[in-house]
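Visitor: I have a structure here, written as C-alpha cells, and I will follow up with some questions on it.
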Amino acid sequence: MLAHYHDDVTFSSPMVSRFHGDPSGTVRGKKALREHWTEGLRRIPDLRFEVGDVRVGVDSLVIDYRDQIGGRVYEALTFRDGLVICGFGAHGTALAL
C-alpha cells in the first residue's frame, strides 16, 4: 500500500490525534504514515472499508467510504509524480475524539 505514497507524504486525520495524542492530527513522511497505519490495525483489527463513491480531480481523488462501524468517511488525496503527496481524512460527526 505504501508504494503508492511519496516519501514526503503528509496525511491529516482525526484518527492521528486519537491514536497518537498529537493535536495537529498530522503525520509527515512515509515512515510516520506506516506507524500510524500499524497502530490503527493494532487498535482496530477488524478494520474494513466499503467504497461508496470516488471523485476524480486534475491531480486528486476524493473517496467516500464507510468504515467497519458504518461511519461515513471522506478521504482526499493529492498526487505528485503519480504518488500521493498529501491527504486528509474527514470523519462523520459520530466520531468522538
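Visitor: Restricting to segment 38-60, name every residue that is of a type in the set (Lys, Arg) and either touching a Gly at 6+ places or on another chain (Cβ under 6 Å) or in contact (Cβ under 8 Å) with a residue 24 or more places away in the chain (or both).
Guide: Listed by number, the list holds a single entry, 43.
Visitor: Residue check, residue 54 against (1) assigned to a strand (DSSP E or B); (2) farther than 19 Å from residue 11 by Cβ, all met but one. Which one?
Guide: Result: residue 54 fails condition (2) only.
Visitor: Right, next: Starting from residues that are of a type in the set (A, V, I, L, M, F, W, C) and farther than 20 Å from residue 7 by Cα, keep the ones in segment 49-61 and report whichever is surrounded by the fewest Cβ atoms within 10 Å (Cβ to Cβ).
Guide: Here the answer is 58.
Visitor: Looking at segment 34-48, can you tell me whether even one residue there is in contact with a Ser or Thr (Cβ under 7 Å, 6 or more places away or on another chain) and either in a strand (DSSP E or B) or open to solvent by 30 Å² or more (accessible area, probe 1.4 Å) (or both)?
Guide: Checked against the condition, which is being in contact with a Ser or Thr (Cβ under 7 Å, 6 or more places away or on another chain) and either in a strand (DSSP E or B) or open to solvent by 30 Å² or more (accessible area, probe 1.4 Å) (or both), segment 34-48 yields no hits at all.
Visitor: How many residues does segment 18-33 hold that are in a helix (DSSP H, G or I) and open to solvent by 30 Å² or more (accessible area, probe 1.4 Å)?
Guide: Qualifying residue count, segment 18-33: 4.
Visitor: Let me ask another. Name every residue in segment 18-27 that is over 12 Å from the mean Cα position of the chain (by Cα) and without any contact (Cβ under 8 Å) to a residue 24 or more places away in the chain, in order of residue number.
Guide: Listed by number, the residues that qualify are 20, 21, 22, 23, 24.
Visitor: Let me ask something additional. Are any residues in segment 1-17 more than 13 Å from the chain's Cα centre (by Cα) and either buried (at least 16 other Cβ atoms within 10 Å of the Cβ) or among the polar types (S, T, N, Q) (or both), and if so, which ones?
Guide: Within segment 1-17, 6 is the sole residue that qualifies.
Visitor: In segment 42-97, which residues are of a type in the set (Gly, Ala, Ser) and closer than 21 Å to residue 16 by Cα?
Guide: Those that are of a type in the set (Gly, Ala, Ser) and closer than 21 Å to residue 16 by Cα: 70, 71, 76, 87, 89, 90, 92, 94, 96.
The values are calculated or read from the model by the stated rules, or taken from the named source; none is laboratory data. Predicted, not measured: the structure shown is a model, and the values here were computed from it. Every residue, glycine as well, gets a Cβ built from its backbone with ideal geometry; the counts of neighbours run over all protein chains shown. Just so you know, the surface numbers come from the protein's heavy atoms only, side chains and all, with ligands and any DNA or RNA stripped out. Shrake-Rupley method; radii C 1.70, N 1.55, O 1.52, S 1.80 Å.
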